[in-house]
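The values are calculated or read from the model by the stated rules, or taken from the named source; none is laboratory data. Computed from a predicted structure; not experimentally measured. Every residue, glycine among them, receives a Cβ derived from its backbone with ideal geometry; neighbour counts consider all protein chains shown. Side chains included, ligands, DNA and RNA excluded: accessible areas come from the protein's heavy atoms. Shrake-Rupley method; radii C 1.70, N 1.55, O 1.52, S 1.80 Å.
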Amino acid sequence: MDESLRELYQEVILDHSRHPRHFGPLEHATHDGQGHNPLCGDRVTVHLIVDGEDRIQRITFEGRGCAISQASASLMTDMLTGRTVGEAEELMNGFLHLVKGEDASDLAEDDLDRLQVMAGVSAFPMRVKCATLAWHTMKSALENGASQAEAAKTE
């Protein structure tokens, strides 16, 4: 990777880490999830509002962690707002391929362009967990919220 490009990506990661987007609680969330990486102490809580058409209307996160985990969570919330749950899951799968250094051609070109800043994480296997914590937590929130909603329907 070109050195100037690497520096740009580092700046984007630092910007998202220092000034996270969509950070804070979310009133009336329909889905919540909590994630913890015991290896480094990163913690994240993801809150979502998913409408009746399975579209993520709002998504926020709270937590503490390293620059990579915070930047990844911030980038994730930016990219998932307005997408359907299915689109969010596809984006997550592509992101996981990207940060593991695998083929990420399943990502749309504009999504790949935005997520490329995290691709360098693949060179540091211990940091992959930092980058993916928020994404796994979002997936867990969607699964837990769906099962809770189904349980409420049967009561």
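Quick notes on this structure:
- Over the chain, relative contact order from alpha-carbon pairs under 8 Å, at least 6 apart, %: 27 percent
- Three-way shape label, region 46-155, alpha-carbon gyration tensor, a/c 1.5: prolate
- Three-way shape label, region 19-105, alpha-carbon gyration tensor, a/c 1.5: oblate
- Environment charge of Thr132, counting only residues whose C-beta is closer than 12 Å and scoring Lys/Arg +1, Asp/Glu -1: +3
- Accessible surface calculations at 1.4 Å, restricted to protein heavy atoms, place region 1-103 at 54 Å² per residue.
- Prolate/oblate/rounded call for region 90-146, Cα gyration tensor, a/c under 1.5 rounded: oblate
- Accessible surface of the chain, 1.4 Å probe, proportion on carbon and sulfur as whole %: 49 percent
- Remark: relative contact order (region 75-128) = 31 percent; criterion is Cα-Cα distance under 8 angstrom and separation of 6 or more residues.
- Between the Cα long axis of helix 85-99 and the first principal axis of the chain there is an angle of about 30°, rounded to the nearest 10.
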